[in-house]
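Here is the structure we will look at.
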């Protein structure tokens, strides 16, 4: 039960953080995250469906949630860290110029604060969901 509460808590925290992407958050002329319902809304809806599926039909829902978090993380890796490692950086640097930066750079694209936190939360949610899935399968045997 403790692992399930952790899994739900982490996924709710991720959902709240991701919700900021749906509404956009700006302060002092710096953008934490721009409103991207149009671009990311489908990801948000699918994530909500995956969480609800897990809550309603846990046996299949844990696999749906794990699969979705894995695909979402892979998409985020490609959309952000691929450019950090391989470039080209110019377009990404311009696009995120007004974003809050944890590590500012004018030469290499480094994901902004919002996306770094998002990626960490996705990884934690994925890890906790995978651990829960494995442990619950072992306990049912």
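The values are calculated or read from the model by the stated rules, or taken from the named source; none is laboratory data. These numbers were taken from a predicted model, which means no experiment stands behind them. Cβ sites come from the backbone with ideal geometry, for glycine too, and all protein chains shown count toward neighbours.
Structural remarks
- Only one entry in 109, 127, 114, 78 is out of contact with any strand residue (DSSP E or B) (no Cβ under 8 Å at 6 or more places or on another chain), farther than 30 Å from residue 57 by Cα and assigned to a helix (DSSP H, G or I), namely 78.
- Residue, surrounded by the most Cβ atoms within 10 Å (Cβ to Cβ), within the stretch 98-133, restricted to residues that are without any contact (Cβ under 8 Å) to a residue 24 or more places away in the chain and farther than 26 Å from residue 16 by Cβ: 105
- From 22, 71, residue being more than 23 Å from residue 135 (Cα to Cα), free of Cβ contacts under 8 Å to residues at least 60 places away in the same chain, under 17 Å from the mean Cα position of the chain (by Cα) and in a helix (DSSP H, G or I): 22
- Restricting the stretch 1-19 to residues that are surrounded by 12 or more Cβ atoms within 10 Å (Cβ to Cβ) and more than 13 Å from the chain's Cα centre (by Cα), the residue that is modelled with the lowest pLDDT is 3.
- Residue ID - modelled with the highest pLDDT, chosen from residues in the stretch 77-89 that are surrounded by fewer than 18 Cβ atoms within 10 Å (Cβ to Cβ) and touching a helix residue (DSSP H, G or I) at 6+ places or on another chain (Cβ under 9 Å): 77
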